[in-house]
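The structure under discussion appears below in the form of structure tokens.
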Amino acid sequence: MSIGKGHHLHLIDGSGFIFRAFHALPPLTRKSDGLPVGAVSGFCNMLLKMVEGNTGDDAPTHLAVIFDHSSKTFRNDIYPQYKAQRPPLPEDLRPQIPLTREATRAFGLCCIEQEGWEADDLIATFAVQARDAGARVTIISSDKDLMQLVGGGVEMMDGMKNVRIGPEEVEAKFGVGPEKVVDVQALAGDSVDNVPGAPGIGIKTAALLINEYGDVETLLERAEEIKQPKRRQSLIENAEQIRISKQLVTLEQNVPVEVGIDAMEVQPLEAEKVLPFLAEMEFRTITNRVAEKLGADAPTIDDTPKGSTAGKEPDLPTMDHSAYEIVRDEAALQVWIDRAYERGYVSVDTETTGLDEMRAGLVGVCLAIDPGRACYVPLAHVNGTGDLLGGAERAEGQMDFDRALEMLRPMLEDASILKILQNAKYDLKIFANEGITLTPIDDTMLISYALNAGLHTHGMDALSERYLDHKPIPIKDLIGSGKKQITFDQVKIDEAAPYAAEDADITARLWTTLKPRLAAEHVTTVYETMERPLVPVLAQMERYGIKVNRDHLSRMSNSFAQKMAGLEDEIQKLAGRKFNVGSPKQLGEILFDEMGLEGGKKGKTGAYSTGADVLETLAAQGHDLPARVLDWRQLSKLKSTYTDALQEHIHPETGRVHTSYSIAGANTGRLASTDPNLQNIPVRTEEGRRIREAFIPEEGNTLVSLDYSQIELRILAHIADIPALKQAFRDGLDIHAMTASEMFDVPLDEMTPDVRRQAKAINFGVIYGISAFGLANNLRIPREDAKAFIDRYFERFPGIRQYMDETVAFAKEHKYVETLFGRRIHTPEIGAKGPRAGFANRAAINAPIQGTAADIIRRAMIRVPPAIEAAKLPGRMLLQVHDELLFEVPKDAANDLIETVRDVMENAASPAVHLDVPLTVDGGTGSNWAEAH
DNA sequence: AGAGTCACG
DNA sequence: GACGTACGTGACTCTG
């Protein structure tokens, strides 16, 4: 049924309502776990009123709730300051935002939001579509920006005050009719949204002028005629600003909407959808009211307080592999897509031919609607393994690959359907290969990471066994291992399906179990601001890769090989026999048994230790063999790990190297780079630094490197609250020299490099949870001297000792520590007996510092792509190395890029945290990474 | 598979 | 008083 005459469309301004409910209602938290739900409660009451109150002739036939999607819209391109001064979302409101979406869907209502558009633009578009089709439209909102839409069958209703707003009410407010509202707004401006308007002109004057001249354009053309000098001057001087203001306040009525108004037809309230949601929120009154209205039994609400970690496990149906469906045709797939739309969220998993997203092909897609309801959609399975002549033939019983993706695409890209994944970045990249942008997403791996970093790993198998008490089917059962390993497309569909669908099922179950704990354990903000938004950013960086000069690496490899051969000969001559220089065991025997050198220490395995420190000590005593071995080892390392291995990682089609970042690997919040690790490319030695020369920009471009200066020490100065350090950073002093001066009473202008070096080692030592032994080792000084240094340091900076003690005490009490941004790093080993106690204490001291630095650069990385786009720059972010970001940018835009990114990086802590020390960022450019750094 | 070594922040 | 230690990572090689 198409919308038209006799129909009545209600468009509810969801975002506006949430804010009003949040501020108007007293705070309310869910009894069982403290989750703030006041706004959700107010929102549900409003929805209920909508559903209940609309029974007469005036009842809507169609209804949709519209939400703002993100803050960035075309208006920011026109005017970057638009809504820029808005305070951040209150902490108590943030976790409620997704819940209001859920509430809308639970009430069986159409829930709409769309990337790049404000709710107002969507409302305008739908209102005009419905009006033009001959239907009546009521916009439920009190937002004055929507008043321009009133008239011709469109009216507004203030949902809270229950007041109708027609053309008369609009005129009473603006002094002009609805069609002139934008002109008045353009002149008057709006301080809340940062619309500039004409200074000195308010609504009254604006209305006067518009009534006289008709519209903004005519007014500006004839501005000279205005008698009042102030007004005339303001209009003439601010003409451009007024025109921009009009663009800002004018709602877009032609948004390319993803949902049609026909889909908004009102559905009857379904008890089985709405009651479980209300019960889960623990809204007793509303639950009972709705149950009564529907003639259904009200579900029992269990709101006994749950322990912070011992949340009651949801009752999940048992794993049943035979319940999984294999989807082989369009009709069957459509049923699952419809279910996803009905539910509003869906678990998704992909099966592919390999683990490297840049080379893997999509083999099948799994969907799970709820725990236990999952399917597998085979797409590219083959029979057998193929032969030398070409690929194997396509297996029977699969739907067309492209057709399936075209059917899935709208759902996968639909802003109103949440896609739940385990390790979302992987699937995001696989779908990106097919031109599909998966959004929005939730990631069970990252939910677990936000909750449990430090307690366990966050892979699916580990999470399933831990939280679902279920061991998933091992992939090896299907594809084998070692030489006989096959790829997933060669697995028979009937065998693949239970494994594949199970993964989506497990993901759905993990989400049900873990997601509610985010709010209960107060890490929703961590997840929402530093984990979830990072996924698409990293996916893009990884897919883009960095160009590497193969010839450069190849030449270095050859040169290293020659030098190594020479050293090997020399070493074996010195040893008096042939042996494997790469074998620490053989080397130890040569050095300490055969040559009888002093200092041989056996480790727990009974082998001599031949680490660099041992060899260096021997070399310093004048022994040539260990000195040669050190040289050999350096070359061996550079050759095998870098010049050789890196070449293998150059992608045949892109000519670039595509690393993969693990988001949930490091306990502290740091990223880790793998396959290849691009976070440990040599830089400390001259020889090694030449490897960085192989990392180059595309023709006409340059590499830009921006890195935080001393970020961890700055964070330490802030957290431990050390006035002298904070002041030194504010004054832009050499922090190590200043520390040395303070400790050793040497004036800054008499500082020697060696004294400064010692102070630097102490500064770093503090970050690591200093010990006399560690410092002595590092500086190669007697332990007593190291201890004296540390005592002196604590004496001069007493806050450091206090920070260390307090952090360990906090860890002992809570079994976790926290970064400034609320990231929790669990410290289960704290309080252990024996040598592990020291480890745990130092890790606890280090984690808030390292973790806060990691949080800051994560925040920067999330803000960089939109900032680059807002500045209309062509640059791309390529790599992250803990405190450094590397970019590729056309040469003529390099300076602008540095300016833009530096601003983002230096202000990345704001507004969540105000640091007492400035963050400073150094930038450089070059035709390779060595130059740029 | 684990230990040893060494590259980075 | 002894324990044995700098924090966080990943890749490669040897070895059993």
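The values are calculated or read from the model by the stated rules, or taken from the named source; none is laboratory data. These numbers come from a predicted model, not from an experiment. All Cβ positions, even for glycine, are placed from backbone atoms using ideal geometry, and neighbour counts span all protein chains on display.
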Which residues, taken from the range A:599-609, are in a loop (DSSP other than H, G, I, E, B) and within 12 Å of DNA strand B (Cβ to nearest atom)? A:Gly600, A:Lys601, A:Gly603, A:Lys604, A:Thr605, A:Gly606, A:Ala607, A:Ser609
Residue check, A:Val581 within 15 Å of DNA strand B (Cβ to nearest atom) and not in a loop (DSSP other than H, G, I, E, B): no
Filter pass, A:Ala424 being of a type in the set (A, V, I, L, M, F, W, C) and over 19 Å from A:Trp511 (Cα atoms): no
Among residues of the range A:682-713 being within 16 Å of DNA strand C (Cβ to nearest atom) and part of a helix (DSSP H, G or I), the residue nearest to A:Glu899 (Cα to Cα) is A:Ile711
Within the range A:737-755, can one find any residue that is under 29 Å from A:Val904 (Cα atoms) and surrounded by fewer than 18 Cβ atoms within 10 Å (Cβ to Cβ)? no
Any chance you could count how many residues in the range A:870-919 are under 20 Å from the mean Cα position of the chain (by Cα), in contact (Cβ under 8 Å) with a residue 40 or more places away in the chain, assigned to a loop (DSSP other than H, G, I, E, B) and surrounded by fewer than 16 Cβ atoms within 10 Å (Cβ to Cβ)? 1
Taking the residues in the range A:764-780 that are surrounded by fewer than 20 Cβ atoms within 10 Å (Cβ to Cβ) and under 37 Å from the mean Cα position of the chain (by Cα) as candidates, determine which candidate is farthest from DNA strand B (Cβ to nearest atom). A:Ser771
Single match in A:Thr739, A:Thr702 (criterion: over 30 Å from A:Arg656 (Cα atoms) and not aliphatic (A, V, I, L, M)): A:Thr739
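On the given criteria, is A:Leu294 closer than 25 Å to A:Leu109 by Cα, surrounded by 15 or more Cβ atoms within 10 Å (Cβ to Cβ) and without any contact (Cβ under 8 Å) to a residue 40 or more places away in the chain?
Values: closer than 25 Å to A:Leu109 by Cα: yes; surrounded by 15 or more Cβ atoms within 10 Å (Cβ to Cβ): yes; without any contact (Cβ under 8 Å) to a residue 40 or more places away in the chain: yes.
Here the answer is yes, as A:Leu294 does meet what is asked.
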Given the structure, is A:Asn841 free of Cβ contacts under 8 Å to residues at least 12 places away in the same chain, farther than 22 Å from A:Gln540 by Cα and assigned to a helix (DSSP H, G or I)? no
So which residues in the range A:443-501 are outside any helix (DSSP H, G or I) and polar (S, T, N, Q)? A:Thr457, A:Ser481, A:Gln485, A:Thr487
Looking across the range A:613-648 at residues that are away from DNA strand B (no atom under 16 Å from the Cβ) and outside any helix (DSSP H, G or I), the single one that is surrounded by the fewest Cβ atoms within 10 Å (Cβ to Cβ) is A:Gly622
Among (1) more than 16 Å from DNA strand B (Cβ to nearest atom); (2) charged (D, E, K, R); (3) modelled with pLDDT under 95, where does A:Glu699 come up short? (3)
Return yes or no: is A:Ala664 within 20 Å of A:His933 (Cα to Cα), at pLDDT 95 or above and more than 13 Å from DNA strand B (Cβ to nearest atom)? no
Give me the pairs, please: first residue somewhere in the range A:578-594 and in the same structural domain as A:Pro626 (by TED's automatic domain parsing), second residue anywhere and among the β-branched types (Val, Ile, Thr) and outside any helix (DSSP H, G or I), beta-carbon distance under 6 Å, and either six or more positions apart or on two chains. A:Pro584/A:Thr610; A:Leu587/A:Thr610; A:Gly588/A:Thr610
Just wondering, is there one or more residues in the range A:344-354 that are crowded, with 16+ Cβ neighbours inside 10 Å, outside the structural domain of A:His649 (by TED's automatic domain parsing), touching a strand residue (DSSP E or B) at 6+ places or on another chain (Cβ under 8 Å) and farther than 30 Å from A:Gln490 by Cβ? yes
For the range A:43-61, enumerate the residues that are modelled with pLDDT of 85 or more and farther than 15 Å from A:Met157 by Cβ. A:Phe43, A:Cys44, A:Asn45, A:Leu48, A:Thr61
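In the list A:Phe821, A:Phe789, which residue meets the criterion of being surrounded by 17 or more Cβ atoms within 10 Å (Cβ to Cβ) and within 25 Å of A:Arg670 (Cα to Cα)?
Only one candidate passes the filter, namely A:Phe821.
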A:Pro410 vs. criteria more than 20 Å from A:Asp505 (Cβ to Cβ), touching a Lys or Arg at 6+ places or on another chain (Cβ under 9 Å) and not hydroxyl-bearing (Ser, Thr, Tyr): no
Identify all residues within the range A:78-126 that are charged (D, E, K, R), assigned to a loop (DSSP other than H, G, I, E, B) and under 27 Å from A:Gln253 (Cα atoms); write none if there are none. A:Lys83, A:Arg86, A:Glu113, A:Glu115, A:Glu118
Out of the range A:219-246, which residues are of a type in the set (Val, Ile, Thr) and surrounded by 14 or more Cβ atoms within 10 Å (Cβ to Cβ)? A:Ile226, A:Ile242, A:Ile244
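What residue, of A:Val249, A:Val259, A:Val216, is closer than 27 Å to A:Ile417 by Cβ and buried (at least 16 other Cβ atoms within 10 Å of the Cβ)?
Of the residues listed, the single one that is closer than 27 Å to A:Ile417 by Cβ and buried (at least 16 other Cβ atoms within 10 Å of the Cβ) is A:Val259.
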Would you be able to tell me the number of residues in the range A:427-442 that are more than 17 Å from A:Gly364 (Cβ to Cβ) and in a loop (DSSP other than H, G, I, E, B)? 4
Scope the range A:2-38; condition surrounded by 18 or more Cβ atoms within 10 Å (Cβ to Cβ) and under 16 Å from A:Ile66 (Cα atoms); matching residues: A:Leu9, A:His10, A:Leu11, A:Ile12, A:Asp13, A:Gly14, A:Ser15, A:Gly16, A:Phe17, A:Ile18, A:Arg20, A:Ala21
Within the range A:654-672, which residues are part of a strand (DSSP E or B) and either among the charged types (D, E, K, R) or more than 6 Å from DNA strand C (Cβ to nearest atom) (or both)? A:Arg656, A:Val657, A:Ser660, A:Tyr661
Is it the case that the range A:734-751 has a residue that's away from DNA strand C (no atom under 14 Å from the Cβ) and either of a type in the set (Phe, Trp, Tyr) or in contact (Cβ under 8 Å) with a residue 60 or more places away in the chain (or both)? yes
Scan the range A:587-598 for residues that are more than 19 Å from A:Leu635 (Cα to Cα) and either of a type in the set (A, V, I, L, M, F, W, C) or within 16 Å of DNA strand B (Cβ to nearest atom) (or both) and report the count. 8
